[in-house]
Structure formats: structure tokens, C-alpha cells
Amino acid sequence: MAEQSVMEIYKQSLGKYDLEQLRQIPAGGVWSLAQMYDHVIVVADEYLDEAEACAAAEPVQGRGKTEFGEKLFREGGFPPVKIRLPDEMNQPPDNSGTSASLLERLVQLERRMRELGEKLDKIQPDLKTEHGGFGWLSAMEWHELAEMHFRHHLRQKGELEERLGI
């Protein structure tokens, strides 16, 4: 599974950071590594909540993805650009995590992704919930989106490590 390999990158990297590096905000408007980790974990949990909600959703006929959603899934990931959400959706993530606490959350998330992944083929693809930017997504697509989001933030992770000299 692709999510296991990208999750492994995040888990292994935590061993490279001391607490100061993890929480250091390198510049105004830039997240710390702890904030970036918190963000990808929180968003993945939200996406998995949506995947689970699809199992109880009503069948959706004639509603698909937005143009951007179609492009995202066709290309298999986010474009290599920074995406800024509107301010009301862009509150700074939690910066209090430690390597141990973030690792524990990643392990729990990885387990959840794996367990849900084993059930996806039992959820009909026409059972969907709506993403505000990508349109109507099935459980399989929500699950895939969580992994895509982790991959998207690898670039940010690398930039933060470079700024910190790691």
C-alpha cells in the first residue's frame, strides 16, 4: 500500500529532530515541523471520517468531482505548488507535539488507514460525500486523498528540514 511507504518516511524522520527543531517556526507565516505533522494527521483523520461516512451515505447519481478534483485524481496527486486555504480554514496547527506523541498519532493513523483500506471494496462507489474543493468522493477516493495529502507535504517537510539544517 502506498500510504504505508509515505507514512514510514514521516515516522522515520521523527527520529532526526530534537524538540527545539521540531517546534521551531523558521519564519513568519511558516509552520514548524510539529505543526506540519499535526496538520497532515488531523486532515487524514478528517478524510478517513468522510470515507467511513460514505458507507452510510445515500447513493449519489449525477454528481461527480469538480474540474480540479478530476485533475487531482487523474494525475494521482496534488500539483507541486503551495496551496493556501482561506484564513477561516487556515488556523495554525498545534505546535506542542513531541516526536514520541507525533509518532504515536502516526502509528494510530496508519492502523486506521490499513483497517479501513481492508473494508473499502465493500463500500459501493456511488456512496459519496462532498469535499468543498474536489466535489463528490467515494470512500476509496477519500482514503486515497489522505495518502495524496501526505505525499503533497513531503516537499514542505524537506524545505523545513533544509531551513533548520537537518
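HN-Hα J couplings of the stretch 61-77 from phi, Karplus 6.51/-1.76/1.60, θ = phi - 60°, integer Hz, Gly and Pro as x?
10, x, 10, x, 7, 6, 4, 5, x, 4, 5, 4, 6, 4, 8, x, x
Tell me, what is the per residue accessible area of the chain in Å², probe radius 1.4 Å? Present the calculation step by step, with values, prior to reporting the outcome.
Numbers: 9100 Å² over 166 residues.
Roughly 55 Å² per residue, with all protein chains present.
In the stretch 1-65, if every C-alpha pair distance is counted and binned at 10 Å from zero, what percent goes to each bin?
Percent of Cα pairs in each bin: 16, 34, 26, 16, 8, 0.
Starting from the amide H of residue 131, placed 1.01 Å from N in the peptide plane, find each other amide H under 5 Å away whose residue is 5 or more places distant or on another chain.
136, 137
Filter 16/128; 11/128; 65/122; 11/82 down to the pairs with a C-alpha to C-alpha distance above 28 Å, please.
Values: 16/128 39 Å; 11/128 31 Å; 65/122 21 Å; 11/82 23 Å.
The pairs that break the limit, which is 28 Å between Cα atoms, are 16/128; 11/128.
Just want to confirm a number: the relative contact order over the stretch 35-166, from Cα pairs under 8 angstrom separated by 6+ residues, in percent. Intermediate values should be presented prior to the final figure.
On the way: 132 pairs, mean separation 62.7, N = 132.
Relative contact order of the stretch 35-166: 48 percent.
What net charge do the residues around residue 30 carry, taking every other residue with its C-beta under 10 Å from that of residue 30, with Lys and Arg at +1 and Asp and Glu at -1?
0
Would you mind getting the Kirkwood hydrodynamic radius of the chain from its Cα pairs, rounded to one decimal in Å?
Details: mean 1/r = 0.0597 Å⁻¹.
That comes to 16.7 Å for the chain.
Let me have the 222 nm mean residue ellipticity of the chain computed from DSSP H runs of 4+ only, each contributing -39500 (n - 2.57), with the sum over all residues rounded to the nearest 500. Write out the running numbers ahead of the final one.
On the way: 6 runs with 93 residues, N = 166.
Counting only the DSSP helices, I get -18500 deg cm²/dmol.
The values are calculated or read from the model by the stated rules, or taken from the named source; none is laboratory data. Values in this document were obtained by computation on a predicted structure and should not be read as measured data. FYI the Cβ positions are ideal-geometry reconstructions off the backbone, even for glycines, and counts take in every protein chain you see. For the accessible areas, the whole protein counts, side chains as well, though only heavy atoms, and no ligand, DNA or RNA atoms are used. Shrake-Rupley method; radii C 1.70, N 1.55, O 1.52, S 1.80 Å.
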